[in-house]
1. Could you sort the peptides 102-110, 184-192 by per-residue average Cβ neighbour count (10 Å cutoff), highest mean leading?
2. With a Förster radius of 25 Å, plug the Cβ-Cβ distance of ILE48 and ASP250 into 1/(1 + (r/R0)^6) and report the FRET value to the nearest 0.05.
3. So, by mean Cβ neighbours within 10 angstrom, what's the order for 118-130, 23-35, 211-223 with the highest one leading?
4. Between ILE23 and LEU354, what is 0.36 nm times their sequence separation minus the Cα-Cα distance? Round to one decimal in nm.
5. Kindly provide the GluC sites (Glu not before Pro) of segment 362-440 that DSSP labels as loop, not H, G, I, E or B, and whose Cβ sees at most 12 other Cβ atoms within 10 Å.
6. Can you classify segment 334-418 as rounded, prolate or oblate using the Cα gyration tensor, where a ≥ b ≥ c are the square roots of its eigenvalues, rounded means a/c under 1.5, and otherwise it's prolate if a/b beats b/c and oblate if not?
Amino acid sequence: MTGNIVRTHDRDGISSKEKEKDIPIHPGELKCEEPKLATDWSAHVEPIMPLRSDHFLIPVLPYGPNNQLRGFRETIILAIKLNRTVVMPPFYKHRSDPSPGEISFPWRKVDENMLRKFITVASAEMMATACGGKFDVALTAREESSDAAGKVKRIQQLETFAGMKAFDENTKFLMDEILEMEHVESAKNGMMFLPLEAEKLQQVYPTDEKCALWLFPYRNIDLTKLLIKRKRKNDKNFDPDNPERPSGQDDDAAIISNVMHYSPRPQFIRDAASAFVADVIGTWDMVAMHWRYDEKDFMVHCQKGAGNTDKCDQLADVDPQVVAKNLAIYSNSVRSYGRYDAKIVYIAAPPSELELILKLKATIVEKLNVKVFTFEDVDGYLKKKFEGCAPIMDYYHDFVSLVEMEICSNAGSFVRSDASSWSKNIHLERLVRKKTRHDKPNEILISDDWTPDYWHPINEHILESLAKNAEEEAKINAERAEAGYAARNLADLAKKELEARKNGKVAGRKVHDENEKLAHEK
C-alpha cells in the first residue's frame, strides 16, 4: 500500500521519500505454492481486537464475487459489534468463470494472516469442532426467506464446505432465524439497513447462541457513514499504512480503517501485482481505468430496461475518439496538481471488452503519446510466470481479476465504473487510504461535452503558482487544443480564486468564466 500523499505543483520539488512511494517494490521470484498453506492456524496470534473465541459468526455470501467481498467486510464489522469470532466463509465464483466448481476458497480472496492480526478469526474446521457440527442460530439480513430461489443451494454449499448442518432432510432450518425489525434502522425493497451502535445491533440480533450464520449480508451496514466518521476524525494525522487502534466496539472511524487495512487481497496476489508493475510498467504513477460495460454482464441491465437510460444509450455506441480526448483532459488535470506525471494508463476490463479496449489503446497512444497497458499485458506476464502451476491456473480467471484490482487500488489515480461492485470495492479501499483526490467516474470519458474541474480543491500555493506561471498555462492550453477543447485562461481563473478566498469565500470554490455558472463544492 502507498501512504499519505504530499502534493506540490512542482513535481521537481517533491521529496525523494515521497517519490519512492511511486516505485514498486519487487517481491522477488513468484513461487508456485498452494495459497491455502499460507495460513498456519496452529500459530498463536494476539489480535488488536480480541473477540469471544467461543462464539462464532460465518456469513452466507450473496451475488457475485465483489458483492461477496463487501458482504464479508460487513461481517467483520458485525462480528466486532456482537463480539463474535469471524469464521472464514466460502466465496462463490462469477458465472463467467470457466474453471471447475462453484466455490472460491477464502484463502484465495482475503489475506487470512493479516486479518488475524486485527480480530479473532477461525477456520471453518475450527468452528465445526467447537460447534459439534451444527449451527445454533441464523441471523437474517434480508426480508426474503432462507428458502428463496437460489438461497438454499448456497447454504448447502456452505454446509459442505464447513462440515456443519443447517438444514434437515426437507431443507428446513434446524435452528431459528432471528431479526428484530423494530430495531432495524430502515428497510427498502427487502433490504435491511442496520444501526451502527453495538448496543442497538445486539437488539437487532438478540441471541447468545454460540454458532451463528449471517444470511446473505450485502449493503446492510452503511460504510459511507463510517467513512464520514473516518474523514472527520483527525484526518490530517491519519496514516493509512498504520491505522490507529479502535478504542472500543463503537470507535467506527478506527474500525473501518482497520477493516480495510487488515482484509487485503492475499499476499501472493499483492506480490504478483507488484512484480508486474515493477517488471513491465515501472511505476505506480499511472492513471488506472476500469471499464465494465460488457454485453453479457453490465449491459444486460440496460437490455432489461433496468439501467439509466441516458447512460445505456451512451454506452451502446462508445466512441474511442471521444474517450481518448476526455482522457487527455483528465490526465492534464491530474498533472496540473503536480503530484503525478500521469503519462501511463492502465485499462482494466473483462476479456469480452478486448476489441474496444484495443481501439481505445490505439487512439490514446496516438492522441496522448503515453504508454497504455491492458489486460493483455498482465495476462501474458502472469501466464508466463505461472505456466504449469496448478494451484494458480486452476482458478486463473479469479486470480487475474484480483491482480488487476490490486493494480487499480494502488495506482496514482483511478477512473472507476460507478455501477460496478469491482470498482466500488477499489473506491472504498482508496477512500480509506486517502488516494481519491484525483479519482473520477468513467462517465466523464463518455460524454463529448465534459470538461474537468481544476479547482477541487487546490491548495493556495498551487493557485499562486498557476496565477503567475504563464509557461504552464500555455502548455496546458496547447494540450487542450490538441484534444479539441477551447483554451482556458487558468492564470486569470487562479487569480479570481485567490481573490475570492481572501474575501472569505469557501476554499475549493469553482471559479469559471462569464459563460459558466458559479458553483460551490463542499
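Rule-based calculations on the coordinates, nothing more; no lab input. Note that the structure is predicted; figures quoted are calculated from it, not measured. In this analysis, Cβ positions are derived from the backbone assuming ideal geometry, glycine residues included, and neighbour counts consider all displayed protein chains.
1. Working: 102-110: 19.6, 184-192: 12.3.
The peptides rank, most packed first, as 102-110, 184-192.
2. Working: r = 16 Å, r/R0 = 0.63.
The formula returns an efficiency of 0.95 here.
3. Values: 118-130: 19.5, 23-35: 13.8, 211-223: 23.1.
By packing density, highest mean first, the sequence is 211-223, 118-130, 23-35.
4. Numbers: separation 331, 0.36 × 331 = 119.16 nm, distance 2.83 nm.
Length gained, ILE23 through LEU354: 116.3 nm.
5. Details: sites: GLU366, GLU376, GLU387, GLU404, GLU406, GLU429; in loops: GLU387.
Answer in residue order: GLU387.
6. Details: a/c = 2.24, a/b = 1.72, b/c = 1.30.
Cα axes put segment 334-418 in the prolate bin.
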